[in-house]
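Colleague: Mind having a look at this structure? Questions to follow.
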Amino acid sequence: MTPAAAVRAAIPRDVADLLRALRTAGFGAYVVGGAVRDVIAGRVPADWDLATEATPDQLRALFPNATYENRFGTVGVPTGDSVVREITTFRADSGSGDGRRPDEVTFLPRIEGDLARRDFTINAIAFGLAPGASRRADPVADGAIVDPHGGIDDLTNGLLRAVGDPAERFIEDALRMLRAIRFVARFSLTVEPGTAAAIKRDAPLASRLSGERIGAEIEGILAAAHPARALQLAADLDIFAAIAPALAAEWSAEIGTRVEAVGGTSLPDAPDPLGRMSELLLPISDDADVAALLESWRRPRATIAAIQQIRALDRAVAVAESEAERGNLDGPALRIVAAATTGDPRDAVRQVRRRVAAGRANRSAAALLSACMQGDEQQLPATASDLAVGGDQLVARLGRAPGPWVAALLAHLVDDVAHRRVTNDAGELLAWSERIIATEGRDSIA
Ligand code: ATP
Ligand code: MG
């Protein structure tokens with residue numbers, strides 16, 4: 001199939017309707033950017049963006065239910081249940097005081113000018129009908145590819161190339177450097193040498209980007225099926241030096257491969273965005289530094305907490321692995337630690353698997369993994385809430401005032417049940433508790 005035929009076949013009905021409405025009103029009508037790129041690359045696009053010379057005012061007259069975001073000059077047309085298609089007037093961005101946002105937008109009469117302001121050739125391909133095309137022409141059936149920067153060739157050859165002079169493009173907008181790494185990850189591209197040289201030169205500008213945008217791009221990179229090479233590239237082109245100096249200082253060649261292996265597509269825990277993020281930041285040894293970096297990237301509190309838990313659990317698994325190596329294989333104990341660390345005993349299996357995938361586990365990991373999996377299958381108790389008795393019953397049976405000893409005794413019982421020293425039955429556990437207190441004494445428990 002030719003690229004044009006592929007795009008024709010993929011255009012959703014509501015998008016085709018919008019293109020026809022534009023055409024019928026006498027305007028040029030194109031689909032452009034990510035969707036065209038994705039279809040030509042054989043993927044399913046996440047969103048379809050349209051472009052035309054019609055101004056936002058003209059678009060709002062044509063589509064009365066449209067919403068308008070003045071800052072971006074983009075009109076959103078609702079076309080169905082929670083579907084909004086964005087139509088953008090052909091435009092040029094001019095000036096860029098802070099390297100982040102255009103100071104001024106100029107509307108343009110033709111698609112070619114609009115494609116020239118886009119970041120990479122693979123993102124600068126359009127499909128549709130030009131302004132002034134015959135009114136009888138159909139924008140889908142008669143539409144054609146517009147690809148003035150050779151984006152289709154670059155996509156076919158696996159090349160990421162800046163549109164225009166790369167020496168200017170990253171100064172205009174430093175975010176493009178992170179987008180470059182993300183597209184390399186997503187489409188397994190090689191960066192064209194001139195573009196790579198410009199990124200390396202301008203990488204320090206990335207330190208001025210908002211943390212939120214950096215965080216979002218990093219997550220986008222980690223979400224790709226094969227981020228290893230892209231992460232190495234971010235290190236080689238000094239992007240990490242700009243956005244995560246602590247990581248850059250500890251960078252080594254195996255990190256990208258390790259991150260990619262965690263949550264790999266063939267693994268049961270895939271996708272594993274948190275596992276990948278924590279693997280990426282693992283070279284930073286201080287938990288507080290990792291938390292501060294993620295906070296600066298405006299990641300949600302829950303994400304930061306989860307990554308701290310993964311780091312803590314990873315240390316516990318490392319200890320359990322070396323114990324296993326010395327003959328003390330103890331899956332049930334690791335499940336208990338996992339439950340105490342993350343709230344879920346099954347995270348023991350997940351973390352051993354992450355370490356095995358990353359190639360950081362020792363020879364005993366396989367045995368530890370199957371011991372933990374067995375515990376999961378048998379639903380072995382791992383927290384006090386799994387026990388057939390509660391603290392109140394222990395207090396009543398033992399006739400003692402409540403105190404810290406209750407929690408200590410419950411922990412003791414969890415350990416005993418998990419190791420099958422006693423069955424998880426209320427009567428048995430109460431009798432067992434009396435024996436513990438009698439032999440070990442209340443004080444040693446508390
Ligand atoms: P995704 O699949 O992640 O949405 P995308 O290429 O569609 O990728 P968007 O952020 O949705 O990315 O942007 C849509 C289009 O707008 C891009 O394809 C590109 O042509 C253009 N674009 C987006 N961001 C920039 C930028 N920072 N500089 C220049 N052009 C950009
Ligand atoms: Mg998009």
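The values are calculated or read from the model by the stated rules, or taken from the named source; none is laboratory data. Just so it is clear, the structure is predicted and the values come from calculations on it, not from any experiment. In this analysis, Cβ positions are derived from the backbone assuming ideal geometry, glycine residues included, and neighbour counts consider all displayed protein chains. Ligands, DNA and RNA are excluded from the accessible area calculation, which covers all protein heavy atoms including side chains. Shrake-Rupley method; radii C 1.70, N 1.55, O 1.52, S 1.80 Å.
Colleague: If you average the sequence gap of Cα pairs under 8 Å that are 6 or more apart and divide by the length of segment 384-444, what percent do you get for the contact order?
Modeller: 40 percent
Colleague: Taking Cα centroids, how far is segment 379-446 from segment 22-96 in Å?
Modeller: Cα centroid of segment 379-446 versus Cα centroid of segment 22-96: 65 Å apart.
Colleague: Something else: I'd like to compare 280-287, 156-163, 247-254, 328-335: which one has the highest average count of other Cβ atoms within 10 Å, and what's the full order after that?
Modeller: Details: 280-287: 17.1, 156-163: 19.2, 247-254: 14.2, 328-335: 21.4.
Put in order of decreasing packing, that is 328-335, 156-163, 280-287, 247-254.
Colleague: Here is a follow-up. Taking the Cβ of P245 as the centre, find all other residues whose Cβ is under 12 Å away and add up their charges (Lys, Arg: +1; Asp, Glu: -1).
Modeller: -3
Colleague: What is the spread of the Cα atoms of segment 185-243 along each of their three principal axes, largest first, in whole Å?
Modeller: That works out to 28, 28, 13 Å along the principal axes.
Colleague: Debye calculation, C-alpha points only, no solvent: report log10 I(q)/I(0) for segment 302-377 at q = 0.17 Å⁻¹, in the same order as the q values.
Modeller: Once normalised to I(0) and log-transformed, intensities are -0.53.
Colleague: While we're here: Could you tell me whether segment 334-446 comes out rounded, prolate or oblate from its Cα gyration tensor? Rule is a ≥ b ≥ c as square roots of the eigenvalues, rounded for a/c under 1.5, then prolate if a/b exceeds b/c, otherwise oblate.
Modeller: prolate
Colleague: When the gyration tensor of segment 3-157 is built from Cα positions, what are the square roots of 5 times its three eigenvalues, in whole Å, from largest to smallest?
Modeller: On the way: eigenvalues 89, 85, 45 Å².
Semi-axis lengths for segment 3-157 are 21, 21, 15 Å.
Colleague: Explain nothing, just the number: relative contact order of segment 105-149, from Cα pairs under 8 Å at least 6 residues apart, as a whole percent.
Modeller: 38 percent
Colleague: Cβ under 13 Å from A203's Cβ, A203 left aside: what net charge do those residues give with Lys, Arg +1 and Asp, Glu -1?
Modeller: Combined, the nearby Lys, Arg, Asp and Glu give +1.
Colleague: Once phi is turned into ³J(HN,Hα) by the Karplus curve 6.51 cos²θ - 1.76 cosθ + 1.60 with θ = phi - 60°, what whole-Hz value does each residue of segment 61-66 show in order, with x for glycine and proline?
Modeller: The phi angles translate into 5, 6, 10, x, 8, 6 Hz.
Colleague: Still on this structure: Please work out the Kirkwood hydrodynamic radius for the chain, using every pair of different C-alpha atoms, and report it in angstroms with one decimal place. The partial results should precede the final answer.
Modeller: Working: mean 1/r = 0.0390 Å⁻¹.
It is 25.6 Å.
Colleague: Give me the 1.4 Å probe accessible area per residue for segment 160-299, excluding ligands and nucleic acids, in Å². Before the final figure, lay out each step's value.
Modeller: Details: 5610 Å² over 140 residues.
Each residue of segment 160-299 exposes 40 Å² on average to a 1.4 Å probe.
Colleague: Restricting to Cα pairs below 8 Å that are 6+ residues apart, what does the relative contact order work out to for the chain? Please round to a whole percent.
Modeller: Once divided by the residue count of the chain, the mean separation gives 8 percent.
Colleague: With all pairs of different alpha carbon atoms counted, what Kirkwood hydrodynamic radius in Å does segment 384-444 show?
Modeller: The Cα-based Kirkwood calculation yields 11.3 Å.
Colleague: Rounded, prolate or oblate: which fits segment 122-281 when a ≥ b ≥ c are the square roots of the eigenvalues of the alpha-carbon gyration tensor, with rounded for a/c under 1.5 and prolate only if a/b beats b/c?
Modeller: Here segment 122-281 falls in the prolate category.
Colleague: For segment 118-194, with the dipole built from +1 on Lys and Arg beta-carbon atoms and -1 on Asp and Glu ones, taken about the Cα centre, which of V140, P193, V163 lies farthest toward the positive end?
Modeller: So the residue we want is V140.
Colleague: Which order do the peptides 386-392, 265-271 come out in when sorted by mean C-beta neighbours inside 10 angstrom, highest first?
Modeller: 386-392, 265-271
Colleague: How far is helix 193-202 tilted, in degrees, relative to the longest principal axis of the Cα atoms in the chain, given as a value from 0 to 90 rounded to the nearest 10?
Modeller: On a 0 to 90 degree scale, this one is about 70.
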